[in-house]
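These notes concern the structure reproduced below.
The values are calculated or read from the model by the stated rules, or taken from the named source; none is laboratory data. Being a predicted model, the structure only gives us computed values, none of them experimental. Glycine gets a Cβ as well: all are built from the backbone with ideal geometry, and neighbour counts include every protein chain shown. The accessibility values were calculated without ligands, DNA or RNA, using every heavy atom of the protein model including side chains. Shrake-Rupley method; radii C 1.70, N 1.55, O 1.52, S 1.80 Å.
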Amino acid sequence: MHISRFQLFNYKSFRDSGALEFKPGINIIVGANNAGKTALLEALSLNFETSPHRSIETVPQPNSTPKPKSVAKVTLIFTKAEIHRLFDDLPANHYVGLSSDRNSYLPTDEALALFQNWMDNPNDVELTVANLTASSVNRDDISIKDLDPAVELTYYDEPGKFIVGYRPQARNIIQRDPIGRFSFSEKTPEIDRHMSQDFFVTLFYHFKNRIYRLQAQRFVGECSVGNNEVLNPRGSNLAEVIHLLESPSKRKLYDRFNHYVSTMFPQFGLVSTRILSQQIRQAPNLEILVWPTKSVESGREDLAFSLSDCGTGTGQVLAILYAILASPQPRPIIIDEPQSYLHPGAVKKLIEILKEFPQHQYFIATHSAEIISAANPSTIVKLWFEDGETKASMMNSQDIKEQRSLLAELGVSLSDVFGADSILWVEGPTEELCFPLVLDKLEPKLLKGTKIISIKNTGDLLGKKARFADVMFDLYKRLSGGNNLYPPAVGFVFDRENLSERDIEDLKRRKPHPIEFIERRMYENYLLHPEAIATVLNREDAKREQPLDRVTVLKWLETNKSKKDFFSKTPTQEELSNPQWVDEKIDAAKLLDVLFTELSSARIEYRKTIHSIMLTEWLLENNPEHLVELAQSLKNILNKGKAAVS
């Protein structure tokens with residue numbers, strides 16, 4: 001059984017969530033802080049209080065009263081086996097009412113035939129509750145009238161579709177006798193209302209009572225002794241259920257539970273319980289003990305410590321593991337922000353364990369790209385707050401796979417782009433690492449919400465391979481449209497290399513977003529600073545007998561900058577005599593490669609992603625004005641790009 005569709009009205013930040021489609025497996029809910037993730041999880045638990053939405057639309061005037069009820073529409077899916085199991089679990093002489101779609105009593109023989117058709121139907125049964133309110137979900141004595149008028153039981157059968165909806169005037173009673181046979185009779189006043197329940201309500205509560213919603217809270221690790229094997233949604237009886245799990249009849253399940261605990265936390269070898277002294281308390285209480293791995297073999301309980309002394313994440317994980325292990329039947333499990341109490345490595349382990357129990361339906365609220373990547377989710381709901389209310393968009397598994405495929409073609413992963421407000425695509429990994437350093441120092445407010453990410457296949461966009469530019473830009477365009485997790489691109493920043501002005505203009509005409517070029521041939525052209533180079537070489541060359549000074553580097557640069565090998569075309573003498581032209585057009589990466597080799601006697605090889613960062617950091621610390629020109633250029637590009645996408 002699982003939630004198939006869900007729509008939320010007039011609840012907290014939601015005025016109308018729109019129809020959200022969910023599937024079995026892992027469903028992810030993402031969004032920024034205060035986007036409405038927790039509110040949606042509360043509603044999905046089918047256990048929410050009335051909390052009317054307040055915005056200019058619902059409260060147009062200061063003295064206006066918002067709509068009084070928070071309402072949800074939920075569609076539940078039950079398999080044939082689950083329907084059978086539901087009725088097999090009913091006690092003898094329990095009565096279940098069957099509603100009809102007619103305005104008169106449904107004859108008993110027709111009711112029995114229809115019910116048997118449901119039981120024999122090989123397809124799933126679909127129950128839609130369209131007027132679900134707080135008064136409906138929080139009452140123990142709910143009647144079908146609380147769900148009326150929008151309850152319908154739907155199942156699909158060839159060649160058509162049956163819909164059986166509630167009519168108050170037309171009800172029949174399903175009775176299960178002591179030997180398990182079902183029979184029908186018309187409703188009579190003699191039937192005790194506590195012994196009977198409408199078929200729809202039975203289905204609904206069977207589903208609702210199996211939902212686990214585990215909240216981010218510290219577990220005290222103590223509770224009273226009892227016989228309840230069902231972990232309550234708050235997990236307050238965790239000690240009770242683990243104590244029952246320790247019984248000999250459940251030994252295999254208990255061992256498996258501890259195996260997963262050790263998988264999540266290698267430092268722990270065992271989780272057990274003990275009964276606290278009755279001399280201290282009026283009634284015996286249970287306490288959860290966590291055993292370090294090395295103390296398990298010794299059996300020394302004095303080396304174990306209470307769950308109350310563990311971090312928040314330990315209790316959360318124990319509750320989740322118990323919920324999935326002790327529930328052979330499918331159930332929805334709702335987990336709120338697991339990354340808030342688990343480090344990334346533990347979160348990934350938890351996701352992998354959840355995948356071993358695909359019979360359950362999981363709803364995980366998160367803002368962690370690592371969780372999304374590890375989960376391979378069936379659906380993703382993206383929430384954001386706009387114009388006073390939460391908006392939602394859906395991605396299904398097919399959309400998610402397409403997004404990942406597109407990102408893979410670009411050489412990046414979801415974690416590279418997730419969580420940014422916008423993306424600035426740059427030439428390569430050196431620029432991806434160094435541009436943020438420059439802007440953080442010289443324009444600290446400019447990168448707010450913007451990530452700088454490198455294009456891995458720039459050659460497909462420029463030069464001889466420019467014919468592939470349309471294909472590559474189409475990938476970015478497809479990533480930027482529709483419901484997705486990819487933030488908008490504010491533009492592309494490329495090195496000039498040896499492109500002519502005609503090449504540049506031609507490339508700009510193909511743009512899906514603004515395309516700009518830095519003023520010099522490549523980023524390394526901004527790093528030809530003698531003292532910075534000398535400092536980095538001295539730091540890297542441990543075998544150097546005498547420190548390299550800036551004068552030596554300066555002389556080497558003056559001698560070698562005029563060599564034609566460092567230019568894409570043979571420069572004229574007039575061009576070589578112009579220092580500004582040389583600084584802009586020289587192949588600085590090649591120049592630095594030769595410089596490092598010669599001045600270190602081939603002991604140090606220039607590595608762009610290491611030494612360019614070291615040069616950048618030195619310049620920003622000691623001579624930041626050397627990079628002002630670049631910072632100003634990037635500022636203009638970012639401002640122009642942000643204006644274009646806003």
Checklist entry - When only residues in the range 291-322 that are more than 16 Å from S262 (Cα to Cα) and of a type outside the set (G, A, S) count, which is surrounded by the fewest Cβ atoms within 10 Å (Cβ to Cβ)? => result D302
Checklist outcome for this item: The number of residues in the range 1-58 that are farther than 27 Å from V347 by Cβ, among the charged types (D, E, K, R) and assigned to a loop (DSSP other than H, G, I, E, B) is 3
Checklist outcome for this item: Residue count, the range 563-578, condition under 52 Å from the mean Cα position of the chain (by Cα) and surrounded by fewer than 18 Cβ atoms within 10 Å (Cβ to Cβ), comes to 3
Next on the checklist: What are the pairs with Cβ atoms under 7 angstrom where one residue, in the range 424-451, is within 18 Å of G491 (Cβ to Cβ) and the other, located anywhere, is assigned to a helix (DSSP H, G or I) and among the charged types (D, E, K, R)? Sequence gap at least six, or different chains.
Outcome noted: V426/E432; E443/K635; L446/K635; L447/D440
Next on the checklist: I need the full set of residues from the range 420-444 which are under 26 Å from the mean Cα position of the chain (by Cα), assigned to a loop (DSSP other than H, G, I, E, B) and either of a type in the set (A, V, I, L, M, F, W, C) or crowded, with 16+ Cβ neighbours inside 10 Å (or both), in order please.
Outcome noted: A420
Checklist entry - Inside the range 328-348, can you point out the residues that are in contact with a Phe, Trp or Tyr (Cβ under 9 Å, 6 or more places away or on another chain) and over 16 Å from S45 (Cβ atoms)? => result A346
Next on the checklist: Restricting to the range 370-401, name every residue that is surrounded by fewer than 18 Cβ atoms within 10 Å (Cβ to Cβ), hydroxyl-bearing (S, T, Y) and within 11 Å of the chain's Cα centre (by Cα).
Outcome noted: S373
Checklist entry - Within the range 13-25, can one find any residue that is of a type outside the set (D, E, K, R), surrounded by fewer than 20 Cβ atoms within 10 Å (Cβ to Cβ), in contact with an Asp or Glu (Cβ under 6 Å, 6 or more places away or on another chain) and farther than 15 Å from V381 by Cβ? => result no
Checklist entry - Any residue in the range 519-526 that is touching a residue at least 40 places away in the same chain (Cβ under 8 Å), in contact with a helix residue (DSSP H, G or I) (Cβ under 9 Å, 6 or more places away or on another chain), of a type outside the set (A, V, I, L, M) and open to solvent by 30 Å² or more (accessible area, probe 1.4 Å)? => result yes
Item to check | Scan of the range 50-74 for residues that are modelled with pLDDT under 85, within 16 Å of T133 (Cα to Cα) and not basic (K, R), ordered by number | outcome: P66, P68
Checklist entry - Across the range 59-88, what is the total count of residues that are of a type in the set (F, W, Y) and part of a helix (DSSP H, G or I)? => result 1
Checklist entry - Right, N498: touching a residue at least 60 places away in the same chain (Cβ under 8 Å), within 44 Å of the chain's Cα centre (by Cα) and open to solvent by 30 Å² or more (accessible area, probe 1.4 Å) or not? => result yes
Checklist entry - Which of the residues spanning the range 346-369 are closer than 12 Å to T263 by Cβ and open to solvent by 10 Å² or more (accessible area, probe 1.4 Å)? => result K348, K349, E352, E356
Next on the checklist: Can you list the helices (runs of 4 or more DSSP H) lying wholly within the range 500-611 that have 3 or more residues being among the β-branched types (V, I, T)?
Outcome noted: 530-540, 550-560
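Can you confirm whether T597 is without any contact (Cβ under 8 Å) to a residue 24 or more places away in the chain, farther than 27 Å from G428 by Cβ and loosely packed, with under 15 Cβ neighbours inside 10 Å?
In short, no.
Would you mention how many residues in the range 513-562 are among the hydrophobic types (A, V, I, L, M, F, W, C) and within 43 Å of the chain's Cα centre (by Cα)?
7
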Checklist entry - Does the range 195-211 include one or more residues that are in a loop (DSSP other than H, G, I, E, B), open to solvent by 10 Å² or more (accessible area, probe 1.4 Å), modelled with pLDDT under 85 and within 17 Å of P338 (Cβ to Cβ)? => result no
Checklist outcome for this item: Checked pairs for the range 225-250, first assigned to a loop (DSSP other than H, G, I, E, B), second among the acidic types (D, E), C-beta under 8 Å and 6 or more apart or across chains, list as V225/E240; G226/E240; N228/E240
Item to check | Breaking point among (1) more than 22 Å from N623 (Cα to Cα); (2) open to solvent by 20 Å² or more (accessible area, probe 1.4 Å); (3) of a type in the set (S, T, N, Q), for N560 | outcome: (2)
Checklist entry - Within the range 323-337, is even one residue touching a Pro at 6+ places or on another chain (Cβ under 7 Å) and surrounded by fewer than 22 Cβ atoms within 10 Å (Cβ to Cβ)? => result no
Next on the checklist: Checking the structure you have, find out if any residue of the range 617-630 is under 26 Å from K543 (Cα atoms), among the hydrophobic types (A, V, I, L, M, F, W, C) and not in a helix (DSSP H, G or I).
Outcome noted: no
Item to check | Evaluation of G641 against (1) modelled with pLDDT of 95 or more; (2) in contact with a Gly (Cβ under 9 Å, 6 or more places away or on another chain) (one fails), failing number | outcome: (1)
Next on the checklist: Pairs needed: first member in the range 61-83, without any contact (Cβ under 8 Å) to a residue 60 or more places away in the chain; second member anywhere, among the charged types (D, E, K, R) and in a loop (DSSP other than H, G, I, E, B); C-beta distance under 7 Å; at least 6 residues apart or different chains.
Outcome noted: P66/R54
